[in-house]
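A short worksheet on the structure shown next.
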Amino acid sequence: MSDTSFLSLENLTLAYGKTVAVEGLNLEITRGELIALLGPSGCGKTTTMRAIAGLMAVKSGRIVLDGRDITRTPANRREVGLVFQSYALFPHLTVFENVAFGLRLKGMGGAALEEKVMGAIASVGLTPFARRKTPDLSGGQQQRVALARSMVMEPKVLMLDEPLSNLDARLRLEMRTELQRVQKQSGLTMIFVTHDQVEALALADRIVVMRDGAIEQIGTPEEIYNRPASGFVADFVGFENIFALRDGHLVAGETEIALEAPPEAAGLAWRPAAVPLGQGPFAGTVRSVSFAGNRREYLLDTALGPIKTEVDAALPAQGLGSSVSFDLPAAAAAPLRRFG
Amino acid sequence: MMQRLLAPLTLGLVLLFLIGPFVIIVAASFSAGDTMAFPPQGFSLKWIAKVFTVESFRQSFGTSMFLAIGGTIAALILGIPAAYAMSRYRLPGAETVRMMVSLPIIVPGIIVGLALLRYFVIPLGVSITAALFVAHTALILPYAVRVVSASLANLRSDMEEAAVLLGASRGGAFFRVVLPNIRGGILSAFILGFVTSFNQVPVSLFLSGPGVRTLPIDMLGYMEIVFDPSVAALSSLLAFLSIGIVFAAERFLGFSRYV
Ligand SMILES: Nc1ncnc2c1ncn2[C@@H]1O[C@H](COP(=O)(O)OP(=O)(O)OP(=O)(O)O)[C@@H](O)[C@H]1O
Ligand SMILES: [Mg+2]
């Protein structure tokens, strides 16, 4: 464990009965970091969060928070906050009482409580709604109540399970900015779960990409975006052309092509924009074209299998079925440490 | 043509059988005559008034009220934790409990009454009142468990987890978050239990002793001796009481959602 680590998950294994959901997970998070857990459905994101919160028993491994082993600490004494995907507000209580719930349990009352709760409500912009019952609020407002309710407890770690997935596109963007502002202002250590790479890239200090109950890659948004460690991560962050390498040769089915690739790379990946069309040594036919505003996206049938490319929409469009040339420049590819 | 007539005809017959007896009883209770008869002879309120003067009615009404209220409360005290445990934890014996809880609905009440008398009251010297209380509690318990279970099923369990993460104990989360949100279900269970107990005949039939009998049993006994319309009058009063309670419950709680 490094000395800067605030929350460490050490060799964590989590299971539902006999089904192992997370296996041998190691993660170190520093104080004040904003971490995104990114990964496909069922990879164990929620499970990991529930274990950190103490809502799920740890099968093996340790959780250390702020220098204290909390692996067996009951959930109500961990000082960890969790904003549920469903928000889990208390429908029989007002916004004020929802936010005051935890503080009242701590024995706080009177003016101190009033001030603290109203402060938290104001910080998420809900002052006019303080006396409303929560079922009368919109989805975005409910979510902000859930956020205020957790934040007012000043937890050591605040976790959010797909905080933006229930919101429409515009509200989503608004809440994204809001989350980031709140986090920077409070200095809270935060972990949020998302399916959405754009969200993770935009918000997080570091991204943890999960796959089948294990961590596939940890890195800054730049690292994840530009230097995916594996074909899986590359695919997740928008590399559409992913090929294995064998002895410096690109392998695609029966075809092998000699390429100048870094010797340790097990694969190469190109974003569609990194594949030039109308030049280069390779040939293919256009299977489909779609217009995407300033760009035009092509799907080509080639000896290497399907290749995706996109070019400036100002260039003349290639017709369906027409033969085109394209290039796979090694310099524009992201080298993969693992192909799969 | 035939089919178009059949539907309203069936409906009419059903209504006739459902409401007919009720109409006859209510009409008979306002009769001025001295025997129960339909159509009633004249109109008077004297039988309604007489109900309140019959000493045994007053006593058995008290017994029935005590059983209905006490038995329902006891059934809820047992039933709410049972329903909660079954809805939140995967218990090994939950299916058995669920089945047991529905047994009193399947087993004829008259058998329950007889068994209690023969193997509980007589050999153990338990008082009739205690036996009645046990019987009515057991009778209401299934309703309590089922109605409370239905309202718990609508309640997401992550609310309790949220309460725990805010510092509540499991018990605290139950009292602060679960109970307030199943109030409607509990009240519905109470009303259903109350009405069920109050109208219960078969179980109570064997369980009556000197000065201790439930109102319906007392009415049966009364009718064997006296055939004046006061039993009809009492029935009407009880029916209107039940209707009033259920109507209020539906109006304020959406009773039918839980039953
Ligand atoms: N209550 C449960 N009982 C048994 N298995 C479960 C349970 N909850 C989750 N799992 C399994 O554990 C694995 C991880 O689930 P988890 O909910 O952590 O995934 P997730 O990454 O949060 O997915 P999503 O993005 O769909 O929310 C999955 O294979 C899932 O089927
Ligand atoms: Mg999840």
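The values are calculated or read from the model by the stated rules, or taken from the named source; none is laboratory data. Fair warning: this is a prediction, and the values are worked out from it, not measured in the lab. Please note: Cβ atoms are built from the backbone with ideal geometry, for glycine as well, and neighbour counts cover all protein chains shown. Accessible surface areas use protein heavy atoms only, side chains included; no ligands, DNA or RNA. Shrake-Rupley method; radii C 1.70, N 1.55, O 1.52, S 1.80 Å.
Inside the stretch A:166-213, can you point out the residues that are free of Cβ contacts under 8 Å to residues at least 40 places away in the same chain and in contact with a Leu (Cβ under 7 Å, 6 or more places away or on another chain)?
Listed by number, the residues that qualify are A:Arg172, A:Met175, A:Arg176, A:Leu179.
Report, ordered by the first and then the second residue, all pairs with beta carbons closer than 7 Å, sequence separation of six or more or different chains, a first member in the stretch A:35-50 that is within 10 Å of ligand 2 (Cβ to nearest atom), and a second member that is assigned to a helix (DSSP H, G or I).
Sorted first by the residue in the stretch A:35-50, then by its partner, the pairs are A:Leu37/A:Lys45; A:Leu37/A:Thr48; A:Gly39/A:Lys45.
Any idea which residue in the stretch A:115-157 is farthest from ligand 1 (Cβ to nearest atom), counting only those that are in contact with a Phe, Trp or Tyr (Cβ under 9 Å, 6 or more places away or on another chain) and farther than 24 Å from B:Asn181 by Cβ?
A:Met118
Among the candidates A:Val145, A:Val64, A:Val157, A:Val95, which residue alone is in contact with a Leu (Cβ under 8 Å, 6 or more places away or on another chain), surrounded by fewer than 22 Cβ atoms within 10 Å (Cβ to Cβ) and aliphatic (A, V, I, L, M)?
Working: A:Val145 fails: surrounded by fewer than 22 Cβ atoms within 10 Å (Cβ to Cβ); A:Val157 fails: surrounded by fewer than 22 Cβ atoms within 10 Å (Cβ to Cβ); A:Val95 fails: surrounded by fewer than 22 Cβ atoms within 10 Å (Cβ to Cβ).
Answer to the selection: A:Val64.
What's the number of the only condition in (1) part of a strand (DSSP E or B); (2) modelled with pLDDT under 95 that A:Ile191 fails to meet?
That leaves (2) as the condition not met.
I'm trying to understand the selection: among the residues of the stretch A:1-20, which are in contact with a helix residue (DSSP H, G or I) (Cβ under 8 Å, 6 or more places away or on another chain) and more than 16 Å from ligand 2 (Cβ to nearest atom)?
A:Leu7, A:Leu9, A:Leu12
With the condition kept exactly as written, say whether any residue in the stretch A:86-99 is among the charged types (D, E, K, R), free of Cβ contacts under 8 Å to residues at least 40 places away in the same chain and in contact with a Phe, Trp or Tyr (Cβ under 8 Å, 6 or more places away or on another chain). So that I can check it myself, show each step before the final result.
So in the stretch A:86-99, the residues among the charged types (D, E, K, R) come out as A:97.
From what is left, the residues that are free of Cβ contacts under 8 Å to residues at least 40 places away in the same chain are A:97.
Subsequent filtering for residues that are in contact with a Phe, Trp or Tyr (Cβ under 8 Å, 6 or more places away or on another chain) retains A:97.
The answer is yes, given that some residue of the stretch A:86-99 is among the charged types (D, E, K, R), free of Cβ contacts under 8 Å to residues at least 40 places away in the same chain and in contact with a Phe, Trp or Tyr (Cβ under 8 Å, 6 or more places away or on another chain).
Taking the condition of being of a type outside the set (Phe, Trp, Tyr), in contact with a Leu (Cβ under 7 Å, 6 or more places away or on another chain) and part of a loop (DSSP other than H, G, I, E, B), how many residues in the stretch B:176-222 meet it?
Number satisfying all stated conditions: 4.
Consider A:Thr30 carefully, then state whether it is within 16 Å of ligand 1 (Cβ to nearest atom) and not hydrophobic (A, V, I, L, M, F, W, C).
Judged against the criteria, A:Thr30 is not a match.
Quick one: count up the residues across the stretch A:117-166 that are in contact with a strand residue (DSSP E or B) (Cβ under 8 Å, 6 or more places away or on another chain) and part of a loop (DSSP other than H, G, I, E, B).
The number of residues fulfilling the criteria is 10.
What single numbered condition from (1) within 16 Å of ligand 2 (Cβ to nearest atom); (2) more than 14 Å from chain B (Cβ to nearest Cβ) fails to hold for A:Glu23?
(1)
Which members of the stretch B:169-188 meet the condition of being open to solvent by less than 30 Å² (accessible area, probe 1.4 Å) and modelled with pLDDT under 90?
Once the filter is applied, which keeps residues that are open to solvent by less than 30 Å² (accessible area, probe 1.4 Å) and modelled with pLDDT under 90, the stretch B:169-188 yields B:Gly184, B:Gly185, B:Ser188.
With respect to A:Leu113, determine if the residue is in the same structural domain as A:Gly39 (by TED's automatic domain parsing) and not in a helix (DSSP H, G or I). First the steps, then the outcome.
Details: in the same structural domain as A:Gly39 (by TED's automatic domain parsing): yes; not in a helix (DSSP H, G or I): no.
So A:Leu113 fails the test.
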